[in-house]
Amino acid sequence: MSVKGELRYKNVDDGGSDFGGGLAVNIPIKEDVAGLRIVGNRVVEPGYIDNDVDGTENTNDYEAHNIRAVFYVEPNDRLKIRLTGTYNDADQGAFGTLNGDPEDQTLFSISTDGSFVKDKYYIASANLSYKFDKISVESITSYFERNRDRRQLDPFFTNQTQAIRQLFALTNPLVPFGGPDLSGLLVASGPVEPVFSVDTSHFDQISQELRFVSDFDGPFNFVAGAFFRSFDQSVVSTTDSVQSVALLPVTLFNIAGDQLLNPASVYAGYVPTFPANPSTLGSELGDQLGLSDFFGAPGTAATNGSGKQYSAFFELTYDLTDRLSVTAGLRSHNEELNASSIAASYDLLAGLLGANVPRNFPPADAPSLGDVDVNVFLPKFAVEYKASEELLVYGLYSEGVRNGNINSGSTGPAILQTFGEDVAREVSTFEEERVRSFELGLKYQSLDGRIGANIAGFYNLFEDIQSFIVFAGPPSAGIIDNVGDGDTIGVEAEVFYQPNDYLRLFAGGSYTKAEIDTINVSDGFVVGTVPGQPIPFIPDFSLNVGADFNRPVGNDGLVLVGRAFYSYTGSYSTFADGAPGSAFNPTLGKFGIANASVGLRNDNWSLDLRVSNLFNKREINQVSPTTAVIQGSLGGLNFAPADAPANFADDFQITRPRTISVVLGFEF
């Protein structure tokens, strides 16, 4: 029996710290025939975002516990059996979003107290392989189940509530009675009552793959097989808040009730920090008068889906000469997803404002999401020429697909109210995305293995690009839609050089031009995308350089190891709707992150010090345009935090601050 383990300590700059670790035990059952391996882990990622409203520190902490068991048996030279079971239980606090100055690592104006994500999954698999004289057969059977409970801040509803309160400040009811004029308070400085999205989701899948691999002596070999999976998924979602925030009349009435019926709140600090959390007086009065029931409270949306996938593949390789070989392959991909959605309790006022919506709310039948079908054949062709023992030249053409899927059922009412039933049915699902890839490159490695280089040029044609887009209401919502067609062209390279036995230097980089050429406006929904707009989340330039060090120290088996790595990300857009660089589609990137580590180890123990984000760069790498969309729908009213970066109104994420890890490993 052998035991191997790690004890890990992590500390985040201006954030939290925690301990994690892992232990692996190998138990031989019969020497060279059967054995059991059991691995347990505690994974931690300390939080680093503080909430100034509720006083919560390190709100975005993460913790996971997992255990995995592997039983392996090889009764003879031909048969191998591997049975695996995995269980993972993860807990996360609030999402890693913030507003204001990124250097502050704070989220203010919105309380996140009570946010959580509880995520559990199970995996069981059986891998059996048998080797005949010239063909190997492998069977992989797997079962996967995931259950998630989530309660997180909903920026759409929360920001709309904030905008409504600020609009109300323009015509404050206390003014006619000699009260203060709040019309100049257009920038939020106080907390806003949070609205939480609450959902429970379930996903389970069983899959089977059968693979045949040849090992012929001649120039011809192949890989062939088939794949099947069947899955079910469900999401039940709603909103959670102290007062009804989806409804404008109730919200306005609550605020008016607080200010008119409790004037002392004006002098108690409520109004000067407007919009702050109102007292419960207005909400209670609204409930007593039955207004919440009359206008309808936020309801529950249920999305259910089930599907099956069938695939078959065949790939043939033929050696024309000792140096030249060709490969041809074909994969069929057939998937059917049947989905339905029921969204309860439509908003009366939003229904009255909707342009194409019947005035009788709630409607008798909520729109169903329909079906998503994918039926494609994906070819592959490759040519390889071995110019010398050190140099390989190749060309490759292949096609790929990204499955279509369903949008969240909770967005159905918003789409229905704003655009009408026809559009709601059209955009409640999104279709598959196709890509055709061309690549030409070379691979070089010197005979002594000390110098290597890979260089490739590529051209990709995308069809029906999937992208997240948002629209202004009332209310606002976001969906994934097929925004159009586009292409990418570029070059990528990586090299390494090992001057001696102890040091290895490496570098890599890429340049990519990615554009959307043709816009999909068939459903009248995507209106902000223009030809020539960048495809989201593809940096125009990337670079990484680094070095590895490994050298014995003394004569007792002690080894000094080290690594330094620097990664640079060029500029990239974030969304497909809105002009690049605007508040609707901020341009991110143009930053670099450095990491370093040093350690000592021998055959029985190791000690490592690792530092990620060495220079503590707090760069924005993701952003949500929800506030910008709502501001636009309200005529440009600005309620972003006063110190928020330009074009970053709210809900952005930053690179993880400097994190120091100390890892003690042992083995016996």
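The values are calculated or read from the model by the stated rules, or taken from the named source; none is laboratory data. Values in this document were obtained by computation on a predicted structure and should not be read as measured data. Using ideal geometry, Cβ is built from the backbone for each residue, glycine included, and neighbour counts are taken over all protein chains shown. For accessibility, only protein heavy atoms count, side chains too; no ligands or nucleic acids. Shrake-Rupley method; radii C 1.70, N 1.55, O 1.52, S 1.80 Å.
Summary table below
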| item | result |
| --- | --- |
| Among the residues listed as V483, V495, the single one being in a strand (DSSP E or B) and either at pLDDT below 95 or more than 30 Å from A594 (Cβ to Cβ) (or both) | V483 |
| Matching residues in the range 117-144 - criterion: being more than 23 Å from Y72 (Cα to Cα) and open to solvent by less than 60 Å² (accessible area, probe 1.4 Å) | V117, D119 |
| Residue match in the range 316-330 (condition: in contact with a Leu (Cβ under 6 Å, 6 or more places away or on another chain), open to solvent by less than 50 Å² (accessible area, probe 1.4 Å), under 19 Å from F377 (Cα atoms) and modelled with pLDDT of 75 or more) | yes |
| Answer residue from the range 25-47, given it is small (G, A, S) and over 30 Å from the mean Cα position of the chain (by Cα) and is surrounded by the fewest Cβ atoms within 10 Å (Cβ to Cβ) among those | A34 |
| Residues (without any contact (Cβ under 8 Å) to a residue 40 or more places away in the chain, open to solvent by 40 Å² or more (accessible area, probe 1.4 Å) and part of a strand (DSSP E or B)) located in the range 70-81 | F71, Y72 |
| Flag if L186 is open to solvent by 60 Å² or more (accessible area, probe 1.4 Å) and at pLDDT below 50 | yes |
| Members of the range 82-116 that are surrounded by fewer than 17 Cβ atoms within 10 Å (Cβ to Cβ), not in a loop (DSSP other than H, G, I, E, B) and not charged (D, E, K, R) | L83, T84, G85, T86, Y87, A90, F116 |
| I538 vs. criteria in a loop (DSSP other than H, G, I, E, B), β-branched (V, I, T), modelled with pLDDT of 80 or more and in contact with a strand residue (DSSP E or B) (Cβ under 8 Å, 6 or more places away or on another chain) | yes |
| Criterion violated by N51 - all others in (1) modelled with pLDDT of 95 or more; (2) touching a Ser or Thr at 6+ places or on another chain (Cβ under 7 Å) satisfied | (1) |
| Single condition D556 does not satisfy, out of (1) surrounded by fewer than 18 Cβ atoms within 10 Å (Cβ to Cβ); (2) modelled with pLDDT of 95 or more | (2) |
| Residue count, the range 117-157 (criterion: part of a strand (DSSP E or B) and touching a Pro at 6+ places or on another chain (Cβ under 8 Å)) | 1 |
| Hits in the range 48-68 - residues which are assigned to a strand (DSSP E or B), of a type in the set (A, V, I, L, M) and open to solvent by 40 Å² or more (accessible area, probe 1.4 Å) | I67 |
| Tabulated pairs, the range 584-604, first more than 21 Å from A564 (Cα to Cα) and free of Cβ contacts under 8 Å to residues at least 40 places away in the same chain, second buried (at least 19 other Cβ atoms within 10 Å of the Cβ) and of a type in the set (F, W, Y), C-beta under 7 angstrom, 6+ apart or interchain | L588/Y572 |
| Among residues of the range 541-575, those that are in a strand (DSSP E or B), free of Cβ contacts under 8 Å to residues at least 40 places away in the same chain and within 19 Å of L607 (Cβ to Cβ), counted | 4 |
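Residues checked against (1) at positive phi; (2) touching a Pro at 6+ places or on another chain (Cβ under 7 Å); (3) open to solvent by 40 Å² or more (accessible area, probe 1.4 Å); (4) touching a residue at least 12 places away in the same chain (Cβ under 8 Å):
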position	(1), (2), (3), (4)
S428	no, yes, no, yes
E432	no, no, no, yes
I455	no, no, yes, yes
F458	no, no, no, yes
D464	yes, no, yes, yes
S467	no, yes, no, yes
G484	yes, no, no, yes
F506	no, no, no, yes
